[in-house]
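Remarks on the structure that follows.
The values are calculated or read from the model by the stated rules, or taken from the named source; none is laboratory data. As the structure is a prediction and not an experimental result, all values here were calculated from the model. Here the Cβ is made from the backbone with ideal geometry for all residues, glycine too, and neighbour counts use every protein chain on show.
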Amino acid sequence: MKRYDILTLFPEIVLAPLRESIVGRARKKGLLDIQVINFREYAQDKHHVVDDLPFGGGPGMVLKPEPIFAAVRDRLREGPKARVILMSPAGQLFDQETAKALAAEERLIFICGRYKGVDERVREPLVTDEISIGDYVLSGGELPALVVIEALVRLIPGVLGDEDSARGDSFYEGLLDHPHYTRPAVFEGMEVPPILISGHHEQIRRWRRKEALRRTRKRRRDLFREAALNEEDEALLKEIEQEEN
């Protein structure tokens, strides 16, 4: 069973999503144990203060190191060695390769920052990974932590009903996913591509791969720098280029 701990000042933000959908099913199946900890409980003064003014002046408040250190050390005593992840705009940009690496870990601890961030002394001795989900500003690390956790849970064996489902997702193999269609075959004059209802499985597979390449070429050409393309992919890209020129 995987074990994820989430350290936050606002547990209610994360509790409801963790009970629903794929993450909720993983917990019910016994594949994942998630603990949500309010690190305010680890504050060392009677008022449970977790933040203070920044040295040097300036606006905003900074999370104190003592409660975070105490909370993480307490969690580390409970099981195998864990990677400690700080959700931070200064972190490594989260992608599918990072998700695959983290999904292989048995134990993760997520620190959700707030206000102006955490005291810098938390980073070097305590944090093993620093992750950002994008170049924009949020009020805290709770929603980013949920995004990361959902991406990881999809990769845990036994969570999805169909193990091939995750492998077909966008970014899993470095490309965007191909278009998907379902019933009705015709909706407001828009028809499903005939190949998808032809019953020719090899032709369908080839069409899907080609459309995944086409979509990636049109929307995210940067992904081709890392994608592992084979000879068929190169041939399909030449076909696409000829069709669009």
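Would you mind telling me which numbered condition in (1) touching a residue at least 12 places away in the same chain (Cβ under 8 Å); (2) over 19 Å from the mean Cα position of the chain (by Cα); (3) surrounded by fewer than 14 Cβ atoms within 10 Å (Cβ to Cβ) residue 45 fails?
So the condition that residue 45 fails would be (1).
What's the number of the only condition in (1) surrounded by fewer than 19 Cβ atoms within 10 Å (Cβ to Cβ); (2) closer than 30 Å to residue 223 by Cα that residue 108 fails to meet?
(1)
Could you figure out which of (1) of a type in the set (Val, Ile, Thr); (2) buried (at least 22 other Cβ atoms within 10 Å of the Cβ); (3) outside any strand (DSSP E or B) isn't true of residue 98?
Looking at each condition in turn, residue 98 falls short on (2).
Would a scan of segment 182-201 turn up a residue that is farther than 23 Å from residue 96 by Cβ, in contact with a strand residue (DSSP E or B) (Cβ under 7 Å, 6 or more places away or on another chain) and outside the structural domain of residue 96 (by TED's automatic domain parsing)?
yes
When the residues of segment 48-75 are narrowed to those that are under 27 Å from the mean Cα position of the chain (by Cα) and part of a strand (DSSP E or B), which ends up surrounded by the fewest Cβ atoms within 10 Å (Cβ to Cβ)?
Among those residues, the one meeting the criterion is 62.
Taking the stated definitions as given, is residue 78 surrounded by fewer than 13 Cβ atoms within 10 Å (Cβ to Cβ) and either farther than 26 Å from residue 154 by Cβ or among the acidic types (Asp, Glu) (or both)? Walk me through it before giving the result.
Details: surrounded by fewer than 13 Cβ atoms within 10 Å (Cβ to Cβ): yes; either farther than 26 Å from residue 154 by Cβ or among the acidic types (Asp, Glu) (or both): yes.
Considered against the rule, which asks whether it is surrounded by fewer than 13 Cβ atoms within 10 Å (Cβ to Cβ) and either farther than 26 Å from residue 154 by Cβ or among the acidic types (Asp, Glu) (or both), residue 78 comes out as yes.
Just to check your reading of the model, which residue among 225, 208, 221, 217 is surrounded by 15 or more Cβ atoms within 10 Å (Cβ to Cβ), within 25 Å of residue 98 (Cα to Cα) and basic (Lys, Arg)? Give the steps one after another, and end with the answer.
Numbers: 225 fails: surrounded by 15 or more Cβ atoms within 10 Å (Cβ to Cβ); 208 fails: within 25 Å of residue 98 (Cα to Cα); 221 fails: surrounded by 15 or more Cβ atoms within 10 Å (Cβ to Cβ).
Being surrounded by 15 or more Cβ atoms within 10 Å (Cβ to Cβ), within 25 Å of residue 98 (Cα to Cα) and basic (Lys, Arg) holds for just one of 225, 208, 221, 217, which is 217.
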